[in-house]
Amino acid sequence: MPSAVASRDRHPARASAPVAATRRARQTVVIPDDEANVQLKVGGRVVSLTNLHKPFWPELGITKGDLLRYYA
């Protein structure tokens, strides 16, 4: 009678790509804090960031630009 628990024999691991091939070169992105709108080239694409002075958390004084700089 077959077991109710799946075994590794029935679900073998997939072959994975070499670690070096899966790593992407990390690019440092600098978002200026003195401009309201910027266009950045990231990964070969142009990204538009707008309204960077817009308050996201006014009680804390954190703007959209602050949040994006944190993520970057």
Notebook entry, point to check: Remind me, relative contact order of segment 21-72 in percent, using alpha carbon pairs under 8 angstrom and six or more residues apart?
Noted result: 29 percent
Item checked: Under 15 Å, Cβ to Cβ, from His53 - net charge with Lys/Arg +1 and Asp/Glu -1 -> -1
Note to self: Sorting check: for 39-52, 57-70, which peptide has the highest mean count of neighbouring beta carbons within 10 Å, and how do the rest follow?
What the structure shows: 57-70, 39-52
Notebook entry, point to check: Which far-off residues, 5 or more places away or on another chain, put their amide H under 5 Å from the one on Ile62, with H placed in the peptide plane?
Noted result: Phe56, Trp57
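Read-outs throughout are calculated quantities, based only on the coordinates presented, and are distinct from any laboratory measurement. These numbers come from a predicted model, not from an experiment. Here Cβ is always computed from backbone atoms with ideal geometry, including for glycine, and neighbour counts include all displayed protein chains.
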